[in-house]
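Peer 1: The structure that follows is given in the form of structure tokens.
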Amino acid sequence: MEHVVAAPDILSVDPIPEKESRLSNTFLRLKKHLERKVGEAIGDYGMIADGDVVMVCVSGGKDSFTLLSILLALRERAPIDFRIVAMNLDQKQPGFPDHVLPAYFESIGVEYRIVTENTYKIVKDKIPEGKTTCSLCSRLRRGIIYRTAKELGATKIALGHHRDDMIETLFLNMFFGGKMKSMPPKLVSDDRQNVVIRPLAYCSEKDIERFARGMSIRSFPAIFAAARRTPSASRSRPCCAIGMPASRGASCPSPPP
């Protein structure tokens, strides 16, 4: 891949409490718990089958990092054979550190695809200043994800939404959309050409945060904020990065895919 450099210091973060380090019994129990929950979700909804090509959408946040890590771990001992391809969409947002994720993927030895599309400019040109960009951004992102899945021959598209995201989406749709609707753990697109799965459906955000901290992974939004020198950016997730929900409090009730 272009612009791939040696793995930077994305794994160097503030000191991790010993009881939550990746070698501690506490962390190992947490890892086992998350793997069990992901395995249950995959089994309950038939998310992954033998021979599948799973495209894991990675934004760089704690959720998608955890999703990729858990799926890679489960694949090692799964009774079925499936391929994992990590995918990131670089939407050319100003200050976006585009070298970080390729370097991380290289460091863990996972197959990956970086897609570069200047949707940031399209959204800025089409949406008036101060208006919500989530709807247009989501449609553009969805199209790129589906196109890339087809190019890769991916049979499943894995997104990093967890249990809290699904509950939050339910209430957002109830209060702002007047309907009882949330993110399904497994979704077939309208044209039936794409299958979206959410293996973290049974996992809580709190456990995911603890896992990411134990793995010494700094979430990508924090890196993005540091690159832009805007502290406020670290308080919200980059909803336009790839398949992730809007930052909390934003008016974006509908699930992205």
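The values are calculated or read from the model by the stated rules, or taken from the named source; none is laboratory data. All values derive from a computational prediction rather than experimental measurement. Virtual Cβ from ideal backbone geometry, glycine too; neighbours counted across all protein chains shown.
Peer 1: Are any of the residues in segment 108-121 acidic (Asp, Glu), over 18 Å from Gln91 (Cβ atoms), modelled with pLDDT of 95 or more and surrounded by 15 or more Cβ atoms within 10 Å (Cβ to Cβ)? Before the answer, list the steps.
Peer 2: Initial filter on segment 108-121 (acidic (Asp, Glu)): 111, 117.
After this cut, where a residue has to be over 18 Å from Gln91 (Cβ atoms) as well, the list is 111.
Next, from what is left, pick out any that are modelled with pLDDT of 95 or more: 111.
When the remaining residues are screened for being surrounded by 15 or more Cβ atoms within 10 Å (Cβ to Cβ), the result is none.
Checking segment 108-121: not a single residue is acidic (Asp, Glu), over 18 Å from Gln91 (Cβ atoms), modelled with pLDDT of 95 or more and surrounded by 15 or more Cβ atoms within 10 Å (Cβ to Cβ).
Peer 1: Need pairs with beta-carbon distance below 7 Å; first residue outside any helix (DSSP H, G or I) and within segment 96-107, second of a type in the set (A, V, I, L, M); sequence gap 6+ or separate chains.
Peer 2: Pro97/Ile223; Pro97/Ala227; His99/Val5
Peer 1: While we're looking at this one, here's another question. Can Ile144 be described as within 27 Å of Lys126 (Cα to Cα), out of contact with any Lys or Arg (no Cβ under 6 Å at 6 or more places or on another chain) and part of a helix (DSSP H, G or I)?
Peer 2: Judged against the criteria, Ile144 is a match.
Peer 1: In addition: Tally up the residues in segment 45-62 that are out of contact with any strand residue (DSSP E or B) (no Cβ under 9 Å at 6 or more places or on another chain) and at pLDDT 95 or above, please.
Peer 2: Residues meeting the conditions: 1.
Peer 1: Going by what's in this entry, would Phe27 be described as assigned to a helix (DSSP H, G or I), modelled with pLDDT under 95 and under 26 Å from Arg142 (Cβ atoms)?
Peer 2: No, not satisfied.
Peer 1: Separate question: Taking the condition touching a Cys at 6+ places or on another chain (Cβ under 9 Å) and over 15 Å from Lys37 (Cβ atoms), does Leu152 pass? Break it down stepwise before answering.
Peer 2: On the way: touching a Cys at 6+ places or on another chain (Cβ under 9 Å): no; over 15 Å from Lys37 (Cβ atoms): yes.
For Leu152, the condition - touching a Cys at 6+ places or on another chain (Cβ under 9 Å) and over 15 Å from Lys37 (Cβ atoms) - is not met.
Peer 1: For segment 34-89, how many residues are part of a helix (DSSP H, G or I), exposed (fewer than 15 other Cβ atoms within 10 Å of the Cβ) and in contact (Cβ under 8 Å) with a residue 40 or more places away in the chain?
Peer 2: The number of residues fulfilling the criteria is 2.
Peer 1: To continue, here is another question. Would you mind telling me which numbered condition in (1) within 18 Å of the chain's Cα centre (by Cα); (2) on the phi > 0 side of the Ramachandran plot; (3) not charged (D, E, K, R) Gly130 fails?
Peer 2: (1)
Peer 1: State whether the residues of segment 208-219 include one that is at pLDDT 95 or above and either more than 26 Å from Phe96 (Cα to Cα) or under 14 Å from the mean Cα position of the chain (by Cα) (or both).
Peer 2: Within segment 208-219, one or more residues are at pLDDT 95 or above and either more than 26 Å from Phe96 (Cα to Cα) or under 14 Å from the mean Cα position of the chain (by Cα) (or both).
Peer 1: If you go through segment 179-207, how many residues are among the β-branched types (Val, Ile, Thr) and modelled with pLDDT under 90?
Peer 2: Number satisfying all stated conditions: 0.
Peer 1: Kindly evaluate Lys126 against the criterion of being over 27 Å from Asp207 (Cβ atoms) and free of Cβ contacts under 8 Å to residues at least 24 places away in the same chain.
Peer 2: So Lys126 passes the test.
Peer 1: Does Val123 fit the bill of being part of a strand (DSSP E or B), at negative phi and either in contact with a helix residue (DSSP H, G or I) (Cβ under 6 Å, 6 or more places away or on another chain) or polar (S, T, N, Q) (or both)? Lay out the reasoning, then the answer.
Peer 2: Numbers: part of a strand (DSSP E or B): no; at negative phi: yes; either in contact with a helix residue (DSSP H, G or I) (Cβ under 6 Å, 6 or more places away or on another chain) or polar (S, T, N, Q) (or both): yes.
Spelling it out, it is not the case that Val123 is part of a strand (DSSP E or B), at negative phi and either in contact with a helix residue (DSSP H, G or I) (Cβ under 6 Å, 6 or more places away or on another chain) or polar (S, T, N, Q) (or both).
Peer 1: Starting from segment 153-164, keep only residues that are assigned to a loop (DSSP other than H, G, I, E, B), then list their pairs with residues that are hydroxyl-bearing (Ser, Thr, Tyr) and surrounded by 24 or more Cβ atoms within 10 Å (Cβ to Cβ) whose Cβ atoms are within a distance under 6 Å, requiring at least 6 positions of separation or different chains.
Peer 2: That search, which allows pairs on different chains as well, returns Gly160/Ser64.
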